[in-house]
1. What residue, among those in region A:86-104 that are more than 7 Å from chain B (Cβ to nearest Cβ), closer than 20 Å to A:LEU507 by Cα and of a type in the set (Ser, Thr, Tyr), is farthest from the chain's Cα centre (by Cα)?
2. Can you find even one residue in region A:105-120 that is within 14 Å of chain B (Cβ to nearest Cβ), modelled with pLDDT of 85 or more, in a loop (DSSP other than H, G, I, E, B) and surrounded by fewer than 21 Cβ atoms within 10 Å (Cβ to Cβ)?
3. With the structure loaded, tell me whether B:GLN103 is in a loop (DSSP other than H, G, I, E, B), open to solvent by 30 Å² or more (accessible area, probe 1.4 Å), polar (S, T, N, Q) and away from chain A (no Cβ under 11 Å) or whether it fails that test.
4. Please give the number of the condition B:ASP209 fails out of (1) surrounded by 24 or more Cβ atoms within 10 Å (Cβ to Cβ); (2) part of a helix (DSSP H, G or I); (3) of a type in the set (Asp, Glu).
5. Failed condition for B:GLU137, given (1) out of contact with any helix residue (DSSP H, G or I) (no Cβ under 8 Å at 6 or more places or on another chain); (2) open to solvent by 20 Å² or more (accessible area, probe 1.4 Å); (3) at pLDDT 90 or above; (4) more than 14 Å from every other protein chain (Cβ to nearest Cβ), with all others met?
6. Which of the following residues is modelled with pLDDT under 90, in contact with a Gly (Cβ under 7 Å, 6 or more places away or on another chain) and part of a loop (DSSP other than H, G, I, E, B): B:ASP149, B:ASP92?
7. Within region B:58-89, which residues are charged (D, E, K, R), at pLDDT 90 or above and touching a Ser or Thr at 6+ places or on another chain (Cβ under 7 Å)?
8. Under the condition of being small (Gly, Ala, Ser) and in contact with a Lys or Arg (Cβ under 9 Å, 6 or more places away or on another chain), which residue from region B:140-193 is farthest from the other protein chains (Cβ to nearest Cβ)?
Amino acid sequence: MKCLVSLPEALWVLLTFVSCLSIVAATDYFERLDLTPLPLGSLLASFEFRSNESLEAYASQDFRYFPRSLGQVLQHAGTKELHLRFTTGRWDTETWGARPWDGTKEGATGVELWAWIESDTEQEAMRKWLTLNQGLSGLFCASMNFIDETRTTKPSLSFQRTGDHRNASLHLLHGVLPGKAGVASLLDGHKVFDASWQSMSVDVRPRCVSGQNCLVEIDQTIDMVLNIARAKRPREDPIPRPVQPYELICDETKPYHSQDTCYPIDALETPAWSLKDVFGRPAAGACPLAEEGGPEAKSLCLNIPHSQGVWIGAGGFEVRSPPGEAEKRCYQMIAGEPFDFDMPKTSVRTHKQIELEEELITAERTMTGHGAAKGGMRTVFTNPSATEPVNLVLFESLPWFLRPFMHTLKAQIVESEFPFEWEIIKDLYYRPAVDRRRGTQIEVVLSIPPASVVMVTYDFDKAILRYTEYPPDANRGFIVAPAVVRILDKADASGNAKAIYLRTTSLLLALPTPDFSMPYNVIILTSTVMALAFGSIFNILIRRFVAFDEVPENKIGKLVKSARLRVATLKEKITGTKADKTE
Amino acid sequence: MGLLRSSLSNIRTSPRLLKAPPYISLLCFLGGIIWILLLPLDEYSRRTYISENALLPGQVHTYFHGTEQNIFRAYRHEVAEVLEVQEHVQQDGSKAYMKATPQHRNQRIRDLFGNSGIKSAVQSYKYTVGGQDFEGENVYGVVHAPRGDGTESIVIVAPVENFEGQLNTDGVTLLLTLARYFSRWSLWSKDIILLVTPDTSTGPQAWIDAYLSQHDPEMVASLSLKSGAIQGVICIDFPFRHSFHALHISYDGINGQLPNLDLINTATQISAGQLGIPTLLQSQHLYAKPEAQHHYLNRLKVLGHGMRNQAVGHSTGAHSVFMPYHIDAITLTAVGDGREDEMAFGRVVESLTRSLNNLLEKLHQSFFFYLLLQNNRFVSIGTYLPSAMAVGAGFSVMAIYLWIKSGYEQREEKDQQHTKATEHDNGQRDRTEAALADASITNEQLFNTESAGGIDLARRKVWKPIDRPLVLPLTLIAGLYLTSLIPLAILVTAQKGALLTRTGSLCSVLIMVPIGLTFVLSNNPKLLHGTYFDGAPLEKQGNGAPRETGLVHSDLSPPSDSKTRVLQFHTILKSLSLLVLGLELTVLATLNFSLSMFLGVLCTPLCFAGFYKDSSSRAVASLVAVVLFNPFVVANAATLAAKLAGYYDGSVGLTDVLRIWLEAVSFGWRVHGAYGVPVGVFCVWLPAWTVATLGTVSSFVMDEEGKVEKRVEKVKGIAKDNLTQVKQAAQRRSSPSPARKRKK
């Protein structure tokens, strides 16, 4: 199990699927860790684990390299292709450059899931989809069962099958559960997951090599951006206390620099680090499952310029990328030998930094307006390229209580150095919401002219929910799932179509929220009034009014009366006798 | 049912009851004011408490100390270089004093943000108000929450110049040092936006407008860097270099809106409770000693300051502009000379930010409507609102009273027989009216017997229901309220230089309006009498007969003589005016309590001023009232009071004070959307004043027919009459005589 870098126990939920058996064909398992230092003391770590199972074995439930629990859930729900994403945080394009895997391995904040389900009718597909969600929910300890019909959409333009399918009657269903759910929250608090951004993915798809040898492939990735300084803090004391005066890194050229005055320059430096510093332990050596030779065997790569020196330990040897390719170095590890390296301190001022790939387009989505009744959505696309236009699909899945006005959907060029007329909106796919049944689905095909900033806006109304439909934290607002942007017509180096995705941040929608204590006040007041009114009316209604002398006497009354009578007669006797005497 | 009806109509015309409403209304006014005066007492106010459990104020350790101070000192050098006037030695050896340009300043601030690895951006804006440009550039940085998605954010603001125009060098430095410190923590659940604005009014306004995309792109640039929904705003104001004694919390927003009380309580709890730095409110340090803050008078002063700020509804700091967008904000200002240094201030901000960071929902638990008396005592809306409502009700009571009064006239009846005959004549009339008339007779009998000492029963005065002509009064009232928008528009659109002269001419025009109206009405008797007499000569009209008129169909007879008619017109006019006034004040009380209260008190004399033809002493009193309680006189008196109270130094004249105020009103209207004072004065107070003045002037210049009195002697006569009356009254007081002379 402990193959690459040994990860904390919490990750096992995901990595149980990486079954590590001793007798396997080497091609059935592959693993890799890419480390890319990013500016401002950050580090991008991308883990990838991939394993195969032949389709026959998969169908007969003879699972060897495929996790049984997941395989059974998929088979039960008739799922042919599955893509599951857990993401937390925001990829900072400005500082970190292009996304890892071109954004194909990341999802919206929270949980995102899309799958191709085999079924004859749409109803059946939906039923299977819900079954799948329930199953995955239990498997991943994530609240994916909340991806119900209202959060499910059927994208037509934004997602494409990546596997080789023979059956045509496949239904694509897509669901997002925005917010703090899933494995991401499970891992929260751990040192490794004190990351600025992290994304985990599971992809299952069938692949046919030559039309005959069909395989089921499971590909798992974990990407995270770590802050090296933060990651290096001891686990027992993660508080960033003020450092001791001698630890301060000051700019001593400042005229005012003195014993008690320090202009800090530490943020511009990347501290020295090693695998042990960042992940808590060194790599445990090469995995016996993986290939022992060839390019795939070099399972740990470091994307740094060749000019930079790294001290490596005894457990592996270094292979640098040939000239002409992007500068990086990979390490071949030896099975059973722990491996680590020491990366010296670098500074922006003195060291050459690796050139970050620029994102083809940046998208920023914000909400405009204020108040509880209306609002607007604004998505700003910036195309930095001076020559190339970018065609993309903007996919939005909106909750039903956010009601967009499609007639207000506008796209306009805000800033441009491109002098010609340009048609921005090429195509539109819109599926309106049904209250409490399903959300709105908008897919817009846009074309962004070169060197331009395009703003896509629309207005919306906010619905008033029923009293019981509010969550316990109603005043927080409702999270609107991020928009998915798929960039079209891009090809990789070998000319194949290349999928590039990016996602905007999620938004907080403030709905009109009632004062929840009010009903209780009303209930209390009404109850009091009811009690008073009911009491007196009931009293009057059931009481029989009779004259005093009509009241029949009860036993005690009789007794009292007779006693009184006796006393009276006795008195009379006495007084009478007295009177007699006086007479 | 009939019994109930007649007893009700008995009440309606009961002479004792008819005398009561003015006193009830007076009682309402006095009650409202006394109510406010009771609020500072312990019995009527409450101790503050934290409602929102998530805030956990002061529950965290603060670590902003030690070597952070070394960095603060270095940043202070950097910031002072671009903020303060610097000495430059020129090539020829001479010294020059100059200040860095705003661009240079912002570049330095951006560099300091960048030095901590924080993304930053600038935003420029330019407001033009009354021909004057307010130009500037905001610079701000965003500390992204490490694992956050940018859905929520906290804003920390440090204006370069504070509300008093002092340079906030230490505040800006503190913001930058805190920014660096905050970016090292990994516990943030919300993004932290650090904003440096050139001033406290235009900069924050431009920024928040653009943040919510509510800005006018002509004047304000869009923001290139954004984050999520703003959960709270803390403004830092540290305008001196020495250590301080206490933190002053400002919280008044535009149009008297207030932040959630939890925010103020949290700041107080952290500062005064956890860190031992006293907190002050409403410039308390200027008039209340720390140990005497709980005294009645000091609490009343805090209350008064709070109410004044709320009524004026102008910006009181950088925090004010956030309130209209339902974003809770406060300003913390260091005051006094004490032992707390900048790091202590920083720890308060740190702890407060941590508390806001804990929030799961928007601040909504605690009060949004409150009056603070001390840093730990407040009055909630349920306790203070009745006072403004009582004042509003005072006008409504008076309006209803005048309305009832306008529907009846006193007529002399020969005897019982005649009355019955009249009743017979009006046989077709509604039975209720008959019963009413019947009832009134009985009452009037009583009344006459009582007051006149039982003279001649055959000659009685009876209250007769009469027709109310409403067309003219309604038109006048509607016209007055609609035209009140004209001076409002003139004032708020005036150029800066022309503001004072324009207001002066506006003032003289507005004073002439009621006088002019009086003369128009008196010179056109058709206006007054024509509505239900078809313009036919008065003499030819029969009394008591129901009539079909051109405009109003009514079964009731019109007033019998022109004197009653004029009186009735004024009564209806005033009734309608007071009705609208009462309504406006009541509605306003729920929006801006203090403004409603102040307007209500200022309008109180107008409630009693009006048309008094038969009592010249009352007419004179109401003239005094309308002269004194007119917006222009009150504004001038207020400038004098402000000058005497020492708000402005000696070099500022009274006119200058007025000019400053007018500029503030115009600026507030156009930049902040502060509508309170101009709308309150022009749309609530001025129409009420105009109607009261119309009545008062009429009682001097109109004769009984409603025409302008030709002879000036008559006016003199009134004065003489007044004098004799006063003399008689004095005599009566000295020698009480049983026979009281009743004036007809």
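The values are calculated or read from the model by the stated rules, or taken from the named source; none is laboratory data. These figures come from a predicted structure and were not determined experimentally. Please note: Cβ atoms are built from the backbone with ideal geometry, for glycine as well, and neighbour counts cover all protein chains shown. All accessible areas refer to the heavy atoms of the entire protein, side chains included, with ligands and DNA or RNA removed. Shrake-Rupley method; radii C 1.70, N 1.55, O 1.52, S 1.80 Å.
1. Going through the qualifying residues, I end up with A:THR93.
2. Looking for residues that are within 14 Å of chain B (Cβ to nearest Cβ), modelled with pLDDT of 85 or more, in a loop (DSSP other than H, G, I, E, B) and surrounded by fewer than 21 Cβ atoms within 10 Å (Cβ to Cβ), one finds none in region A:105-120, hence no.
3. When the stated conditions are applied, B:GLN103 does not pass them.
4. (1)
5. (1)
6. Residue meeting the stated conditions: B:ASP149.
7. Of everything in region B:58-89, those that are charged (D, E, K, R), at pLDDT 90 or above and touching a Ser or Thr at 6+ places or on another chain (Cβ under 7 Å) turn out to be B:GLU68, B:ARG73, B:ARG76.
8. B:GLY141
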